[in-house]
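Colleague: Please find one structure pasted underneath; my questions will follow.
The values are calculated or read from the model by the stated rules, or taken from the named source; none is laboratory data. None of these values were measured; they are calculated from a predicted model. Here the Cβ positions follow ideal geometry from the backbone for every residue, glycine too, while neighbour counts run over all protein chains shown. Note: areas computed on protein heavy atoms with side chains; ligands, DNA, RNA excluded. Shrake-Rupley method; radii C 1.70, N 1.55, O 1.52, S 1.80 Å.
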Amino acid sequence: MPHLPTLLLQIAVVVGISRLFGWLFRRLHQPQVIGEMVAGISLGPSLLGWLAPATFNRLFPSESFGFLNAISQLGVVLFMFLVGLELNLTLLKRLGRIAITTSLSSILVPFVSGFLLALYIHPHLASENINAIHFAVFIGAAMSVTAFPVLARILIERNLFHTRIGALSIASAAVGDVMAWGLLAVSILLVRGSGIASHLVGMFIELVVFISVMIFLIRPLLKKVEAHHHQTAEIPTGILALIILLILASALVTEWIGIHALFGAFLAGAIMPKSENFSNAIAHKFEDVTLVLLLPIFFAFTGLKTTIGLLSGANLWGFCLLIIVIAILGKVGGATLAARASGIPWREASAVGVLLNTRGLVELVLLNIGLEAGILTPTVFTMMVLMALVTTTITTPLLHLIHPATEPERGIR
């Protein structure tokens, strides 16, 4: 058990380095979250542990990992609630067929390409205990996800949020992430169900019942809370406590079902009423402590599990490069071609494809689930983390090339 001063020092270093890297990356015209992701990896064995192993071992003794993990998991639970809170599918009604076509293509093409890639690399990189199909479903889901919050922030920074590009990207990412997390749930069910059909069916029925309760029983009650907020324009501490209890209870139920606590937290956010004033007020209560304090600890803990030194030799780096290339081609290509086939000009369609290639923090959350469940080996985990960093980092420069900020923006049509 680590001493309290050690834990406090760890948190102080993590928050300080994260803010520094976030500031540096903003100066490079990159989203702050990319800097925070890099900061987390730099504090792990890949950089700090390599440059100053004695300092690394003193700052992050192995016995402290359990405490850091617990704090980071709380942060991710709250973050997934915020992701669900930002999820709003009403844009589909405005964009209709274009959004549906682009959404399906942006999830199915990277899933299929990731699935086939996983079948190829399974004999070389996967654990012998993991079934090839289970491994492939998870990799396909990981290839399909888009970092919804990072995407939204890029659109706001580029003043694209209310344009056709922004609306189509957000709508496609929203639908795509729901499908990707659904595929991930299937993957976890397969692995944790140990292939026993009756067990899998039981878990699926429990999940359907829980989702139904959340939508048809809990959501109407939340509508009443929303109506109260419209009258008072406040979120009382009592209501805030109830929302926190809902998040934790929902997370506990999905963990008990056998999927993962993060699904419950995401669902709790997804069923929240979506009126702008209410959702913004709820988000404001959670964002500061989650984004500034808890998520940097998650990045750091992810960094502790990411060892770039595992990729020794041209063979492993070749597999890593293959993963990155397939991830980019599948996501950018699938979304771009679908948008173009729906009548969007090539430049705008390409911008949508590049934006949906943003994976960011959501990808890291998903990868940590895979590592925890034993689906990913540390080596594959490291490769996929590098893929998440590369695909997110190239979004802003590619978007600038394809769609310069000086160009007049087109509104939603």
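Colleague: Tell me, how many Å apart are the Cα centres for the stretch 342-404 and for the stretch 302-325?
Modeller: 16 Å
Colleague: With a 1.4 Å probe and all protein chains left in place, how much accessible area per residue does the chain have, in Å²? Could you put the intermediate results ahead of the total?
Modeller: Numbers: 17500 Å² over 413 residues.
Per residue, the chain has 42 Å² of solvent-accessible surface.
Colleague: I would also like to ask the following. Taking the structure as given and computing Kirkwood radius over Cα pairs in Å, which label from (i) 25.6; (ii) 21.9; (iii) 22.5 fits?
Modeller: (ii)
Colleague: Tell me, which longest segment in the chain has none of the GluC sites (Glu not before Pro) that fall in DSSP loops with at most 13 further Cβ atoms within 10 Å? All intermediate terms of the calculation are to be shown ahead of the outcome.
Modeller: Numbers: sites that count: 128, 234.
The answer is 235-413.
Colleague: If you don't mind, another one. Name the residue farthest towards the positive end of the dipole of the chain from the options 182, 349, 131, assuming +1 on Cβ of Lys and Arg, -1 on Cβ of Asp and Glu, about the Cα centre.
Modeller: Of 182, 349, 131, it is 349.
Colleague: If amide hydrogens are placed 1.01 Å from N in the peptide plane, which non-local residues have theirs closer than 5 Å to the one on residue 163?
Modeller: Distant-sequence amide H within range of residue 163: zero hits.
Colleague: Could you tell me which of the pairs 224/285; 274/305; 223/331; 224/331 are separated by over 30 angstrom between their Cα atoms in the structure shown? Before the final figure, lay out the partial values.
Modeller: Working: 224/285 19 Å; 274/305 36 Å; 223/331 36 Å; 224/331 40 Å.
The pairs that break the limit, which is 30 Å between Cα atoms, are 274/305; 223/331; 224/331.
Colleague: In sequence order, what are the phi-derived ³J(HN,Hα) couplings for the stretch 102-109 according to the Karplus relation 6.51 cos²θ - 1.76 cosθ + 1.60 with θ = phi - 60°, rounded to whole Hz, with x for glycine and proline?
Modeller: 5, 4, 5, 5, 6, 9, 6, 5
Colleague: Moving on to the next point. In the chain, what percent of the accessible surface is made up of carbon and sulfur (1.4 Å probe, ligands and nucleic acids excluded)? Please report the intermediate quantities before stating the final value.
Modeller: Working: 12160 of 17500 Å².
Looking at the chain in its full context, I get 69 percent from C and S.
Colleague: Let me ask something additional. With n ≥ 4 as the cut-off for DSSP H runs, can you work out [θ] at 222 nm for the chain, using -39500 (n - 2.57) per run divided by the number of residues, rounded to the nearest 500?
Modeller: Working: 21 runs with 317 residues, N = 413.
Per the formula, -25000 deg cm²/dmol.
Colleague: At 1.4 Å probe size, with no ligands or nucleic acids counted, give the accessible surface of residue 223 in Å², nearest ten.
Modeller: Solvent-accessible area, nearest 10 Å²: 90 Å².
Colleague: Which ³J(HN,Hα) values in Hz, rounded to whole numbers, follow from the phi angles of the stretch 37-42 under the Karplus curve 6.51 cos²θ - 1.76 cosθ + 1.60, where θ = phi - 60° and Gly and Pro get x?
Modeller: Rounded to whole hertz, the list is 5, 5, 4, x, 5, 5.
Colleague: Could you sort 177, 288 by their accessible area in this structure, using a 1.4 Å probe and putting the largest first? Write down the numbers at each step before the final one.
Modeller: Details: 177 5, 288 95 Å².
Descending accessible area places them as 288, 177.
Colleague: Hey, if you put +1 on the Cβ of every Lys and Arg and -1 on every Asp and Glu Cβ in the stretch 174-307, which of 280, 295, 207 ends up farthest toward the positive end of that dipole?
Modeller: Result: 207, furthest along the dipole toward the positive end.
Colleague: Under unit Cβ charges (Lys, Arg +1; Asp, Glu -1), what dipole magnitude, rounded to 20 debye, does the stretch 1-120 have relative to its Cα centre?
Modeller: Details: 7 positive and 3 negative charges, 92 e Å.
Result for the stretch 1-120 is approximately 440 debye, rounded to the nearest 20.
Colleague: In addition: I need the shape label for the stretch 280-405. Rule: rounded when a/c is under 1.5, else prolate if a/b > b/c, else oblate, with a, b, c from the alpha carbon gyration tensor.
Modeller: Working: a/c = 2.28, a/b = 1.20, b/c = 1.91.
Here the stretch 280-405 falls in the oblate category.
Colleague: Per residue of the stretch 223-231, in order, report the coupling 6.51 cos²θ - 1.76 cosθ + 1.60 (Karplus, θ = phi - 60°) as ³J(HN,Hα) in whole Hz, putting x for Gly and Pro.
Modeller: 4, 5, 5, 4, 4, 5, 5, 4, 7
Colleague: Is the stretch 37-117 best put as rounded, prolate or oblate by its Cα gyration tensor, with a ≥ b ≥ c the root eigenvalues, rounded for a/c under 1.5, and otherwise prolate when a/b is larger than b/c, oblate when not? Write out the running numbers ahead of the final one.
Modeller: On the way: a/c = 3.75, a/b = 2.14, b/c = 1.75.
Judged from the Cα gyration tensor, the stretch 37-117 comes out prolate (a/c at least 1.5, a/b above b/c).
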